1. Order these peptides, 198-209, 26-37, 80-91, by their mean beta-carbon neighbour count within 10 angstrom, highest first.
2. Please say if the range 1-54 is rounded, prolate or oblate, where rounded means a/c under 1.5 for a ≥ b ≥ c the square roots of the C-alpha gyration tensor eigenvalues, and otherwise the choice is prolate for a/b larger than b/c and oblate otherwise?
3. Would you mind telling me the share, in percent, of accessible area of the range 1-124 contributed by carbon and sulfur at probe 1.4 angstrom?
4. State the volume of the convex hull built on the alpha-carbon positions of the chain, expressed per residue in Å³ and rounded to an integer.
5. Compute the distance from the alpha-carbon center of the range 170-228 to that of the range 2-65, in whole Å.
6. Using only the alpha carbons of the range 1-104, determine the length spanned along each of the three principal axes and report them from longest to shortest in whole angstroms.
7. From the C-alpha coordinates alone, can you work out the Kirkwood hydrodynamic radius of the range 84-126, in Å?
8. Express the accessible area of the chain per residue in Å², computed with a 1.4 Å probe while the remaining protein chains stay in the model.
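The values are calculated or read from the model by the stated rules, or taken from the named source; none is laboratory data. These figures come from a predicted structure and were not determined experimentally. Here the Cβ positions follow ideal geometry from the backbone for every residue, glycine too, while neighbour counts run over all protein chains shown. Surface areas here come from the heavy atoms of the whole protein model, side chains and all, with no ligands, DNA or RNA. Shrake-Rupley method; radii C 1.70, N 1.55, O 1.52, S 1.80 Å.
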Amino acid sequence: QITSFDAERQQAKVTAYVWPSPDIATPFSSSTITDINLSVFVDEVGGGNGGMYDYPIGSAIGGIEMNVDATNPYDLSRSIDSFYPFDQYSFTLYTQVGEINDEEELVEIPAFEDSYTTAVPGFQVELAKEHDESFYSEDGRPEGFPLVESAIEQRMGGLTMTTVIVKRSFAVQMIALLVAIFCLIIAFTLCYMTIEIVRRNRPPSMQVLVWAAANALGLISVRSLLPG
């Protein structure tokens, strides 16, 4: 579940809910009690456990809060906030699960990802199930490469992979354009009034000077609404 995105740091806050099937766990509404020794790896930035989480038999498994780096696996050309409000970012969610047997060995468990998201303020989120080999270009892909078989093989080995594309919402884009147009109109108007006064085409009356000062100060505040 994607909960928020920081475009300046290019990191997303994600919650991963590990949900074993009922034959190996007891499910509740927001967590499960595992009946096996479960090991979970999530690809995260700055996690205290290095992304590794172990749940012995009888442990309650809740959501794993993590930060994910937007490494731009899709090579999006506008993956920087200087393109605001038309910037867009992409990142990958990796998770892997397994069972720790009596010999303390990690045994693969088949896994499947169910990706969803609540409304992320200011952004649109698109999710897609992928696998490592799907990022081959047509030229770099080996002949007869089994894409579907590779995806199934990864899931059967407990590894899931979901890619995410984050874009600004339509409302943010419209508001940003309105703010930008407002800033340009005020700036051009101030320049025009200044040139007219310098040319002595109109007097620098008190009303004009107060209006110019108020708009100059207001322009700074309005500009701070935009990033960068």
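1. Details: 198-209: 9.9, 26-37: 14.5, 80-91: 17.3.
The peptides rank, most packed first, as 80-91, 26-37, 198-209.
2. Oblate, since a/c reaches 1.5 and b/c is not below a/b.
3. Values: 3450 of 6870 Å².
With neighbouring chains kept in place, the figure for the range 1-124 is 50 percent.
4. Working: hull volume 39.6 nm³, N = 228.
Convex hull volume per residue, Cα atoms: 174 Å³.
5. Each part reduced to its Cα centre gives a spacing of 50 Å.
6. Projected onto its principal axes, the Cα set of the range 1-104 covers 52, 30, 22 Å.
7. For the range 84-126, the Kirkwood estimate is 14.2 Å.
8. On the way: 13790 Å² over 228 residues.
Ligands and nucleic acids excluded, the result is 60 Å² per residue.
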